[in-house]
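Below: the structure, in structure tokens.
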Amino acid sequence: MTKQAPSPDTSTSKNVSFQELGRDCYAVRLKGPVGETASLTANIGVVVGRKQILVIDAGPVPAAATAVSESLSNKFGKPVRYVALTHFHARHGLGASGFEGADVVVSDLTRRMLADHGSDNRQLAARRDRSTFAKGTARLVEPNISCASSLSLNLGDKEVRLMHLGRGHTLGDTVVWVEDARVMFTGGLVATSNAPYCADGHLADWPRVLTRIAAFRPNAIMPSSGESAIGTSSVTRAVEQTRTYLETLKDTGFQAVEEGANLREVLSAVDQSMTSRLKSLNAYDERISVNVARAYDEAKGVDMPIIWTTEREASLMSVLGDVAQSSAEKAVDADPAEAAPADSASHVEESPPKQDKTAETSQTDAKPACEDDQLEETIAEDEKA
């Protein structure tokens, strides 16, 4: 996609700088190594109020978060009061302990995922990216504030809303909406310069969440990884590009499974259906195999994504060969450990029997998502309850 010109950076140290997204809203950038760790490979968002600061996602290591915290103190002279985690992936939350004294805020579903799989997730992330997690000092921080569907935080003169708009990138995704600046921090739900990471996603539900995001008409968005989109046209392009990728993955993958294709054949069909623009996105090659594995499973009626392990990746590689090898070695948003059932993509037979049409995706583990034209009314009712 055509990349927009970034806003000027306002530096506070030689390594940490801030890209302005809107009034009092920033995307943090780290320009070099921080402490004994590698450069930050995930985005950190900042909303500055009159009295205190909200940080969105904490990065993969405490050293990076500590550097950001010190720069925030030097630049704004205000404490970090809250750290909101948009989802449970280790790469975006393990740095939370670097923001000492801050309350950690998540959705109820993300809190559950962290409790059930956080430790395994950290270990798997460290094995996949040894340079970033070199010292292994990151400790899990238990969230002390959570919400079922929405929550408002008052930063003194600025109200910020955290909302769970439905299942998408993960089970418990949260977006952070700053209405007066029309800025939204979207976590892994919107992919700007990177290909979406769908291995823990809900492909049937995700496009509806994109529609809900677009309904807010944000002027800027910051994803959990990749470039921020600034300006309404750039935001629209990013949302629609993500939608196109997801629909191509789901529609082509589901059709191939219905026709009796095995996993390698589904991968080939999906890859051939992707446009050249989608194939040019960062991390396309690294993510296509695990994304197709999720599409394969969902097409066969596996509603909840199967947790990724080293063993599951090895099984996937044995089916897909070199393409899967590349995916397993380079994918950076991997998930916690849990064995995959024998009928999942990680244990697929080369010629599986043709399957019946997939059952409707269930919302039993999440709050029922509201209709698009009733979104704000439903959120308001949730807050009153």
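Please list the non-local residues whose amide H lies under 5 Å from the amide H of Gly187, H modeled 1.01 Å from N, same-chain partners needing a gap of 5 or more.
The list, which skips near neighbours in sequence, is Ser224.
In which sequence would Arg277, Arg182 go, from the one with the fewest C-beta neighbours within 10 Å to the one with the most?
Taking fewest neighbouring Cβ atoms as first place, the list is Arg277, Arg182.
Based on other C-beta atoms within 10 Å, arrange Ser69, Ser234, Ser193 from fewest to most.
Taking fewest neighbouring Cβ atoms as first place, the list is Ser193, Ser234, Ser69.
Along segment 95-110, what does the Karplus equation 6.51 cos²θ - 1.76 cosθ + 1.60 (θ = phi - 60°) give for ³J(HN,Hα), rounded to whole Hz, x for Gly and Pro?
Taking θ as phi minus 60°, the curve returns x, 4, 5, x, 9, 5, x, 7, 6, 9, 10, 9, 6, 4, 5, 5 Hz for segment 95-110.
Based on other C-beta atoms within 10 Å, arrange Lys158, Lys78 from fewest to most.
Listing Lys158, Lys78 from fewest to most nearby Cβ atoms yields Lys78, Lys158.
Between beta-carbons, use under 13 Å as the cut-off and find the net charge around Leu278, counting Lys and Arg +1, Asp and Glu -1.
+1
Mind running the shape call on segment 35-106? Use the C-alpha gyration tensor, a ≥ b ≥ c as the square roots of the eigenvalues: rounded below 1.5 for a/c, prolate if a/b tops b/c, oblate otherwise.
Numbers: a/c = 1.98, a/b = 1.28, b/c = 1.55.
Note, shape of segment 35-106 comes out oblate.
None of the figures in this text is laboratory data; all of them are computed from the coordinates on show. Please read all numbers here as calculations on a predicted model, not as lab measurements. Glycine also receives a Cβ, built like all others from the backbone with ideal geometry; neighbour counts cover every protein chain displayed.
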